[in-house]
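A short worksheet on the structure shown next.
The values are calculated or read from the model by the stated rules, or taken from the named source; none is laboratory data. As the structure is a computational prediction, the values presented were derived from the model and not from experiment. Methodologically, a virtual Cβ is constructed for each residue, glycine included, from the backbone with ideal geometry; neighbour enumeration extends over all protein chains shown. With ligands, DNA and RNA removed, areas are computed over all heavy atoms of the protein, side chains included. Shrake-Rupley method; radii C 1.70, N 1.55, O 1.52, S 1.80 Å.
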Amino acid sequence: MSVSVSARRLTAVAAVAAATVGALALPASAAGHPAARPHGTVYTSGVQYDSPGRDDRSNRSLNNEWVNITNPTRSAVNLNGWTLSDRDGHTYTFRHFTLRARATVRVHTGIGRDTRTDLFQDRRAYVWDNNGDTATLRDDHRRTIDAGSWGHHRR
């Protein structure tokens, strides 16, 4: 009888250990986080929604408002036709741009000359709401790839 009780205890301990290890190894989507992103793991990696200093609508101030898009994979990702938008519908469309492998591009609000590391929306007004907004990255089929929110009224 004691062998049976010991066997049940060992089985119970093993089951609890397996459940604990399994819970730690769950993918983020199973733990209540957003589902895995299509196109690998391209994501919005940072946002500066409140440009430092006075909001004087100068091009310098506008360009200090930005969103970073990161591709941590080993392959380049063609972002042609992808969009970056805010909750109010301001939308920037990527044109003829490929995000290199293991690279980040910063998308500025103001006017400037596009490079491999910096893109410009060429706007003359702020996009990202300081009190709360959502930056949504969508692919060329309008599928949401990533979305990041801050402040009040988070998604």
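Here is how the numbers come out for the structure above:
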item: Residue, farthest from Thr134 (Cα to Cα), within region 40-72, restricted to residues that are under 14 Å from the mean Cα position of the chain (by Cα) and modelled with pLDDT under 95; result: Gly40
item: Residues of region 50-67 satisfying the condition of being open to solvent by less than 20 Å² (accessible area, probe 1.4 Å) and touching a Lys or Arg at 6+ places or on another chain (Cβ under 9 Å); result: Ser51, Ser61, Leu62, Val67
item: Residues that are closer than 19 Å to Asp50 by Cα and not polar (S, T, N, Q), drawn from region 88-111; result: Asp88, Gly89, His90, Tyr92, Val105, Arg106, Val107, His108, Gly110, Ile111
item: Residue among Arg37, Arg87 that is surrounded by 11 or more Cβ atoms within 10 Å (Cβ to Cβ), among the charged types (D, E, K, R), in a loop (DSSP other than H, G, I, E, B) and modelled with pLDDT under 50; result: Arg37
item: Selection status of Thr70, open to solvent by 20 Å² or more (accessible area, probe 1.4 Å) and of a type in the set (Val, Ile, Thr); result: no
item: Strands (runs of 3 or more DSSP E) wholly inside region 92-155 containing at least 2 residues that are exposed (fewer than 15 other Cβ atoms within 10 Å of the Cβ); result: 144-151
